[in-house]
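What follows is a single structure, written as structure tokens, with notes after it.
Readers should treat all values here as calculations from the given coordinates under stated rules, not as data from a laboratory. In this text the structure is predicted, and so the values were computed from the model without any measurement. Don't worry about glycine lacking a Cβ; one is built from the backbone with ideal geometry, like all the others, and counts go over all protein chains shown.
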Amino acid sequence: MKLRLHIIYITAILLSACSTQFIIDSKQNSIISVSAIPDSLITSIINPYKTGIDSVMNEVLCVSEIEMTKGRPESLLGNFVTDLCLEQYSDIADICVMNNGGLRSTLSKGKITRGNIYELMPFENELVILELNTLELFDLIEYIFLREGEPFSGLSVYSIDSCMVLSSRNILYRQGDSVLMSVPIIASSCGGEEEVYIVSKIEETYKIRVLTSDYLANGGDKMSFFNNKNQLKVGLKIRDAIINYCKSEQTISSKLDGRITKYQNE
Amino acid sequence: MNSRREFIKRAALGTAAMSIIPSKAFSNTSELKQLTILHTNDMHSHIHPFESGRNKGVGGIAQRATIIKQIRDEGNQVLLLDAGDIFQGTPYFNIYGGELEFKLMSEMGYDASTIGNHDFDNGLDGLVRQLPHAKFPFIVSNYDFSDTLMDDNYLKYKVFNRGGIKIGIFGIGIELEGLVPKKLYGNTLYQNPIDKSNYYSDLLKNSLGCDLIICLSHLGFKYNTKKVSDKMLASQTKNIDLIIGGHTHTFLNKPVIVENLEGKNVQIAQVGYAGINIGRIDYFLNQKMCVKKINSTAIFVKKKTK
Ligand SMILES: [Zn+2]
């Protein structure tokens with residue numbers, strides 16, 4: 001009896017143990033292009049939803065003079081979005097930082113509809129402001145260089161070997177509510193905390209106010225310098241900031257201005 | 001039960017010595033069964049073909065449905081699968097929250113999907129609210145949802161039977177911390193993808209006797225860092241035949257082959273995003289349910305213009 005059971009098990013194993021030898025037909029392993037008409041049942045399900053979407057999304061907000069795409073180290077699209085956000089909050093923020101991953105499509109040349117902006121910025125992310133000190137600001141710059149560039153506005157940065165140099169536009173130097181002076185930051189760092197060298201009359205303890213998305217402020221994309229910072233919500237979604245700007249400007253454009261540069265010492 | 005599994009293990013060792021049996025005895029090429037796997041990933045709420053840019057006229061769910069119907073009409077067994085990130089990318093998601101995406105996938109006969117990071121974009125409640133529109137299961141093996149609204153709404157694995165072929169499917173999700181805001185994923189616990197893959201692929205293969213093991217993964221194809229990817233998963237596990245991947249929006253015209261822990265081949269497939277391509281993998285199995293041949297194609301979906 002015992003022996004018979006053993007035989008049954010062994011047979012079962014032989015049947016289920018496949019050799020790994022199989023043929024992968026290499027001629028078949030290529031892309032084929034198929035042109036298809038739309039399936040009518042699927043189309044009929046989509047139609048009522050499409051009517052609802054079109055009524056809202058086909059509104060033309062502005063005209064773009066150029067096609068804007070994202071990219072590294074800087075890009076037309078990244079500069080466009082961060083510049084317009086900073087412009088809307090230039091009284092309460094010094095610089096603006098976003099992420100390439102958050103820009104989900106391109107803006108084509110010509111008419112820009114509300115739907116185009118939704119495709120660019122589908123997320124419900126809101127704008128927030130956090131304060132960084134000079135050392136933390138260099139952590140941010142280093143992060144941007146490590147990522148080969150992320151969208152930012154309000155700064156000009158370059159790296160040479162392991163050193164980073166940054167300069168800002170005029171930043172209001174405040175004490176409480178009163179403005180003490182308005183000067184740009186010019187500073188350099190070659191790594192290591194003691195080595196931050198600040199050329200301008202700004203103290204190391206001076207706080208730079210960074211406008212960014214709540215996604216990044218809450219730990220998205222591992223921007224660790226934002227960890228545990230107080231966040232000031234400005235009460236506007238990034239998408240709405242772009243929509244507001246487009247509606248007010250009629251014509252939009254962008255340019256690359258060399259705000260981030262990497263020099264190699266030969 | 002334990003002693004039986006022990007015995008099977010020992011018996012399996014015995015088969016190595018018995019491999020003198022000619023392989024011809026196991027391959028009757030004239031009677032191969034065909035199983036067609038169709039797969040998509042990172043649809044990102046793309047309903048219509050692209051209207052502008054370099055992808056103009058490409059993709060479209062209604063176009064994809066026509067192609068899938070044509071493939072079904074070939075008469076073979078079909079499994080239609082998705083690797084997550086169904087949500088987020090067009091106003092259809094912003095306004096209708098994924099309802100249309102799930103309805104259309106159900107109508108097209110999707111058999112299963114895993115959960116991508118963007119499927120959390122309206123929170124767990126936003127996902128759960130849309131589940132009544134999905135007539136297919138969500139399979140994810142390394143998220144513990146037991147302390148969340150998703151608790152009774154997902155599967156750790158599922159066995160499909162297609163014409164006598166048993167296909168075991170499990171799912172692997174990406175680490176959520178740093179990728180998805182905590183308030184959206186709530187008390188979802190992320191668990192080690194490699195441990196869970198080994199556990200579920202062993203269960204599906206050796207305890208449930210599946211002929212093919214497929215992992216629906218939203219880990220991403222590969223990274224230059226130590227971050228776990230499909231390539232890493234393939235090489236550090238056993239028993240997986242095919243990983244259908246997503247997240248990195250990688251366009252593979254054919255699956256990439258990686259050796260697993262036992263030196264066996266694992267196929268990794270991924271077809272970009274937005275429904276631009278449909279992945280097609282045809283398995284040909286003999287009567288003993290052994291894979292004898294695999295054909296793979298990426299189908300580039302285009303709008304027919306007159
Ligand atoms: Zn993803």
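Here is how the numbers come out for the structure above:
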quantity: Whole-Å semi-axes of region B:231-306's equivalent ellipsoid (Cα gyration tensor); calculated: 26, 18, 7
quantity: Relative contact order (%) - criterion: Cα under 8 Å, at least six apart; region: chain B; calculated: 21
quantity: Relative packing of peptides A:252-260, B:105-113, A:83-91 - highest average C-beta neighbours within 10 Å first; calculated: B:105-113, A:83-91, A:252-260
quantity: Percentage of interatomic Cα-Cα distances in region B:179-220 larger than 15 Å; calculated: 57
quantity: Helix B:193-202 vs. chain B, principal-axis angle (Cα, 0 to 90°, nearest 10); calculated: 50
quantity: Length-normalised contact order for region B:28-138 - Cα pairs under 8 Å, 6+ apart - percent; calculated: 28
quantity: With Cα atoms, 0 to 90° folded angle of helix B:61-73 axis to chain B main axis; calculated: 30
quantity: Most fluctuating residue given options B:Ile240, B:Ile165, B:Ile67, as computed from a GNM of chain B linking Cα atoms under 10 Å; calculated: B:Ile67
quantity: Gain on full stretching of the segment that runs from A:Ser167 to A:Thr69 - 0.36 nm per residue minus C-alpha separation; calculated: 32.7 nm
quantity: Whole-number percent relative contact order across region B:153-251, with pairs defined as alpha carbons under 8 Å at least 6 apart; calculated: 28
quantity: Antiparallel bridges, percent of DSSP beta bridges restricted to region B:162-306 (to nearest 5); calculated: 55
quantity: Residue among B:Ile61, B:Ile276, B:Ile71 with the largest mean-square fluctuation in a Gaussian network model of chain B, springs linking Cα atoms under 10 Å; calculated: B:Ile71
quantity: Span per principal axis, largest first, for the Cα atoms of chain B (Å); calculated: 62, 51, 38
quantity: Global geometry of region B:155-306, whether rounded, prolate or oblate, following the gyration tensor of its Cα atoms and the 1.5 cut on a/c; calculated: oblate
quantity: Separation of alpha-carbon centers, region A:114-146 and region B:126-158, rounded to whole Å; calculated: 32
quantity: Over chain B: helical MRE at 222 nm, DSSP H runs n ≥ 4 each giving -39500 (n - 2.57), nearest 500; calculated: -7000 deg cm²/dmol
quantity: Residue with peak Gaussian network fluctuation, chain B [Cα springs, cutoff 10 Å], from B:Lys238, B:Lys293, B:Lys158; calculated: B:Lys293
quantity: Unpaired by the 4.7 Å Cβ criterion, cysteines found in chain B; calculated: B:Cys210, B:Cys215
quantity: Fraction of antiparallel bridges per DSSP, chain B only, in percent to nearest 5; calculated: 60
quantity: Too-long pairs where the Cα-Cα distance tops 32 Å, listed order kept, from B:Lys254/B:Lys304; B:Lys166/B:Lys304; B:Lys69/B:Lys254; A:Lys233/B:Lys302; A:Lys111/B:Lys222; calculated: B:Lys166/B:Lys304; A:Lys233/B:Lys302; A:Lys111/B:Lys222
quantity: Region B:224-301-region B:50-74 distance, computed between alpha-carbon centres (Å); calculated: 22
quantity: Tilt relative to chain B, helix B:99-108 - C-alpha long axis, 0 to 90 degrees, to 10; calculated: 40
quantity: Extreme residue, positive dipole direction of chain B, given options B:Gly263, B:Leu155, B:Phe102 (C-beta unit charges); calculated: B:Gly263
quantity: Overall form of region B:83-210 per C-alpha gyration tensor (a/c, 1.5; a/b vs b/c); calculated: oblate
quantity: Signed unit charges on C-beta, dipole axis of chain B, positive-most listed residue B:Pro137, B:Gly59, B:Gly116; calculated: B:Gly59
